[in-house]
1. Can you tell me how the stretch 574-654 classifies by the Cα gyration tensor, rounded, prolate or oblate, using a/c under 1.5 as the rounded cut?
2. Could you give me the ³J(HN,Hα) list for the stretch 419-433, computed from phi with Karplus coefficients 6.51, -1.76, 1.60 and θ = phi - 60°, whole Hz, x at Gly and Pro?
3. Which FRET efficiency, nearest 0.05, do LYS28 and TYR457 yield, Cβ-Cβ r, R0 35 Å?
4. Which percent of the accessible heavy-atom area of the stretch 729-791 goes to carbon and sulfur, probe 1.4 angstrom?
5. Could you tally up the Lys pairs in the stretch 352-469 with alpha carbons closer than 22 Å? Skip any pair fewer than 8 positions apart unless they're on separate chains.
6. At 1.4 Å probe size, with every protein chain present, just tell me what the per residue accessible area of the stretch 362-498 comes to in Å².
7. Carbon and sulfur together cover what percent of the accessible area of the stretch 636-676 at a 1.4 Å probe radius?
8. Might you tell me the accessible area per residue for the stretch 661-799, computed with a 1.4 Å probe and given in Å²?
Amino acid sequence: MKQNNTDVFDSAIKSVSDIASALGVTIKRGLDKKTAAARIEIFGSNTLTLKEFSGWHIFFRQFKSAFVYLLLSALAITLALGQWIDSLMILLFLAINTCLGFYQEYSSEKTAKLLKKYALPRACILRDGLVEQITADRLVPGDVVVLKTGDKVPADLRLIEQEDLVIDETVLTGESAPVFKKTDLLPTKPSSPTEADNIVFSGTDVRKGEARGIVIATGGNTVFGKIAALTAESRKVSDFEKGISRFSKFVLKLIGITLLVVLIAHLLISRDGVNFFDLIVFSVALTVSVIPEALPLVTTFSLARGARHLAKKKVIVKRLSAIEDLGAIEVLCSDKTGTLTENKLAVANIYSETREKTIWFANLASAFESQEKTEPFDAALDHGLSAEQKKKLEGVIKLFEEPFDPQTRKNAVVIQDSGKIFLIIRGAPEAVLSSCVLPDHNTKRTIDEWISQEGKYGHRTLGIGYKELSSQSKNNDVYREEMNKKDFYFSGIISFLDPIKKSSLHTVMRAKSLGVRIMIITGDRPEVAGAVAHEIKLIDSSDKVLTGEQWRNADPKKQHEYLEQYSVFARVSPEEKCAIIETLREKYMTGFLGEGINDAPSLKAAGVSIVVDSASDIAREASDIILLKKNLGVIIDGIQEGRQVFANTTKYIKSTLASNFGNFFAVATASLMIDFLPMLPIQILLVNLLSDTPMISISTDTVDARELKSPKKYQVKDIVIIAMILGLISTIFDFIFFGLYYRLSPAVLQTNWFIGSILTELVLLFSIRTRSPFWKSTLPSHPIIVLSLATFAVTILLPFSDFGKTIFHFTPPTMQQLSLILSLVALYFVISETIKLLYYKNMNHGNGKTNAI
């Protein structure tokens, strides 16, 4: 048994029975589980062979950075000069950074791979005569697949049967026009997907209708899989990644300019003490010392750690950087259904002269033939039937069905009941009423008043209309023609109670406390949306609701004003919803929680795209985050997690930038003032290694509650200001160390400056990790405390050891010198802490609040 492109197109000119026979499958029963299990071993998983990275790939990837290239350059120079000890230390430094990077990245890759299993697309199939749902990667040739509106086609399928099937093949052909499919045998073999009318292709979207088909190709053997250009996933660049990129560019420019000035100055100032090659090694080491090379480690580990925490709360992160984007959310948009309300409906009231008939027709317009009612309206209506009516349903035949259309806001069915044929429409009351003939205007006004009153109670409503058709008109084209006529009889309106979740009020209050504005964007009536929003204290009046029509008819300036004035938008179409999200994104970091196929454009427009686990495949694909639990509260948990990741990442950036740049400028400047190097290259590398040890664990740090109270964004300017201020303090103290010891001897200066540099970096970390006075902040995490103490001990003891003296050319400091160093470090901490508090106090007074750092 083979599967390839030729077979795919050959299937178009073969009968379904011939294909089924060749694939060893019974159309009405599907494959048996034993055969399916055997075929997965033969054909492999139904996935495209995406670029997966082995451990070796990740290991060698650690060498692909400017930082490593600098170290390798220094290594080559020291080897050429025969400085074996320096070469060995650079190798050791490379090994430590490479191993740490490999460990963190490999762990993160494993985490991401594990989480992606939860985000796999699903397929509804027929096996052993039963319909079941599996992950699409388990599909094999011969499987019978059931498709419905909103599905993503999981493999190449030869259609067996279809009902008004419309496919979007844009991803395959580039053509946005909908493609109508059929099951008929083609007279000639198609040469391209556009000609294969009886085949649906993997990766395309079901825009409308239902169908069944036999899998004829899976994975890389599908038409989609064979087109390499289309298998590459377009990567979404997050706001977080953009912020980090801007920061990295700034750092590199600053380093490059400063280093160039120092090199030129050295060349202009001729001295006998430092030769050119030593100067080059010194410059490379100095550059390495200022690059925040652990930033990728810190961010990757923080994001992976955040993803694991969220997974425990039933939140699956598809894109790791989306976690920090969560922390930046300022506006969170959602439909109220199922997130703020239970979406467990019960019939509340009925407006009708014949209540039983209205309930009956409403059920006939549902999936009454299914044993399990997944649609909340269908389940509520089924409970409203009497035992006699439920038995009567067994004799009803469904002849035609038009699924719910968000544009017309209604669905339609044609059924045969007791020999009579009825066309029934069901949907938004105004949509149904517009197709019905009413006795007079007073009737319409009475109905509108009844609907409005039910809406004020928060009740959702459905309108039902019907008409009897001639028994001669058993034709889908005739049914569609009849659907568009406005001669239906009005049967009635049914209202439904959708209880508000007990957690909704608390969720809204939590969001407000975090500075997150929740907006409801729904297709429901304004009265219903307003009643729900008012009950959970989202708005102060249930009338404060804007309709999609009002939004659409406003000019751009007025639309921006509406976004500031209103938090509830009702009777919104998918296009209007997307436009609202796009307009919000112009000013705010926006998160959007969607579910249906028509939410896909809005999900792509949002900064953070969130869907529930039951969402359509198309919506799931467009998402960054999947909620296994349909609750807005878990998104608020995610926002907190994102802000913790942000806070810890910026702690590292500010701390390393302030201390490294302070030391960088001081050592670079001092090298111009003396005829020896103020610190040897090997000592500079050791400073970098030891000071980064506790900083790498910053991702595990605790975060003050005040750090979580407002959305966060990376603003390079604001981060740099505080880092430069504290860096200036660091530079001043570096010069104090220089001034105290440069006259004694090169070894004394180098050793004491080495000790002072590391200890000042350690204490700065404990200051800058919080905006509050350090004694009022939350305790640091255990890894930070332990690693800081270990680094402190190594820094003090190393100059006294034979290893430190021989390898690093240290000289033991006297007790007087050591006491002076410790005193200066304590003074540095006090001054840095004072400057930090004054800066944030002034900043808060000037801005009211800040969301940058």
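The values are calculated or read from the model by the stated rules, or taken from the named source; none is laboratory data. Since we're looking at a predicted model, the values are computed, not measured. Because the Cβ atoms are built from the backbone with ideal geometry, glycine has one as well, and the counts that use them run over all protein chains shown. What goes into the accessible areas is simple: the full protein's heavy atoms, side chains included, and nothing from ligands, DNA or RNA. Shrake-Rupley method; radii C 1.70, N 1.55, O 1.52, S 1.80 Å.
1. Working: a/c = 2.58, a/b = 1.49, b/c = 1.74.
Here the stretch 574-654 falls in the oblate category.
2. Once θ is set to phi - 60°, the couplings for the stretch 419-433 become x, 9, 10, 10, 9, 10, 10, 8, x, 4, x, 5, 5, 5, 4 Hz.
3. On the way: r = 47 Å, r/R0 = 1.36.
About 0.15, to the nearest 0.05.
4. Values: 1820 of 2420 Å².
With neighbouring chains kept in place, the figure for the stretch 729-791 is 75 percent.
5. Count of close lysine pairs: 28.
6. Numbers: 6770 Å² over 137 residues.
Accessible area per residue: 49 Å².
7. Working: 340 of 700 Å².
That share works out to 49 percent.
8. 34
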